[in-house]
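Chemist: Before I ask anything, here is the structure I am working with.
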Amino acid sequence: MKLDPDERLSEELKNSLSEVIKSEGAEAYSMGLRLGFMGRPLPVRWTTLVRVWRTGRCRFSDTNVNEYPIIDGCVAQIKGDIEHHNSPDLEH
């Protein structure tokens with residue numbers, strides 16, 4: 001799993017991950033990403049963010065900034081969001 005220091009898992013995502021980790025389903029899982037600003041969620045949500053994969057099934061793009069995972073196999077969507085708590089105040 002890839003998770004940034006300013007990101008948190010929603011309760012729904014924690015429950016979904018608990019279920020799929022036990023299964024023999026997909027090679028990787030995509031989920032939503034909810035953006036926040038100054039402690040409040042923004043009305044923006046990405047729905048196809050791949051952040052969880054089985055060991056050995058992921059490699060990363062060869063880019064210097066914002067690399068992305070390349071999955072060898074099936075990617076399934078799961079319920080729940082990663083909450084991105086960026087910009088806690090205007091000074092940040």
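The values are calculated or read from the model by the stated rules, or taken from the named source; none is laboratory data. None of the values given here were measured: they were computed from a predicted structure. Note that we place each Cβ from the backbone using ideal geometry, even for glycine, and neighbour counts take in every protein chain shown.
Chemist: Take the conditions basic (Lys, Arg) and within 15 Å of LEU3 (Cα to Cα) and apply them to LYS79. Does it pass? Reasoning before the result, please.
Modeler: On the way: basic (Lys, Arg): yes; within 15 Å of LEU3 (Cα to Cα): no.
Answer is no for this residue.
Chemist: Take the residues in segment 6-54 that are part of a helix (DSSP H, G or I) and touching an Asp or Glu at 6+ places or on another chain (Cβ under 9 Å), then tell me which one is nearest to ASP72 (Cα to Cα).
Modeler: LEU13
Chemist: Identify all residues within segment 36-58 that are at pLDDT 90 or above and surrounded by 15 or more Cβ atoms within 10 Å (Cβ to Cβ); write none if there are none.
Modeler: If we filter segment 36-58 for residues that are at pLDDT 90 or above, which is where we start, we get 49-58.
Across segment 36-58, the qualifying residues are LEU49, VAL50, ARG51, VAL52, TRP53, ARG54, ARG57, CYS58.
Chemist: Within the set of pairs 6 or more residues apart or between chains, which connect a residue that is under 24 Å from ASP89 (Cα atoms) inside segment 28-57 to a residue that is acidic (Asp, Glu) and outside any strand (DSSP E or B) with Cβ atoms less than 7 Å apart?
Modeler: From segment 28-57, the pairs are MET38/ASP89.
Chemist: Could you please find all residues in segment 55-92 being part of a loop (DSSP other than H, G, I, E, B), in contact with a Gly (Cβ under 8 Å, 6 or more places away or on another chain) and farther than 17 Å from GLY25 by Cβ?
Modeler: Scanning segment 55-92 gives HIS85, ASN86, SER87, PRO88.
Chemist: Restricting to segment 59-80, what's the tally of residues that are more than 15 Å from VAL20 (Cβ to Cβ) and either among the hydroxyl-bearing types (Ser, Thr, Tyr) or surrounded by 10 or more Cβ atoms within 10 Å (Cβ to Cβ) (or both)? Break it down stepwise before answering.
Modeler: Step one: of segment 59-80, the residues more than 15 Å from VAL20 (Cβ to Cβ) are 59-70, 72.
Now restrict to residues that are either among the hydroxyl-bearing types (Ser, Thr, Tyr) or surrounded by 10 or more Cβ atoms within 10 Å (Cβ to Cβ) (or both): 59-61, 63, 67-70, 72.
Matching residues across segment 59-80 total 9.
Chemist: Filter segment 1-24 down to the residues that are farther than 15 Å from GLU83 by Cα, free of Cβ contacts under 8 Å to residues at least 24 places away in the same chain and not acidic (Asp, Glu) and list them by number.
Modeler: Scanning segment 1-24 gives SER18, ILE21, LYS22, SER23.
Chemist: Answer yes or no as to whether LYS22 is more than 13 Å from MET1 (Cβ to Cβ), charged (D, E, K, R) and at pLDDT 90 or above.
Modeler: It is false that LYS22 is more than 13 Å from MET1 (Cβ to Cβ), charged (D, E, K, R) and at pLDDT 90 or above.
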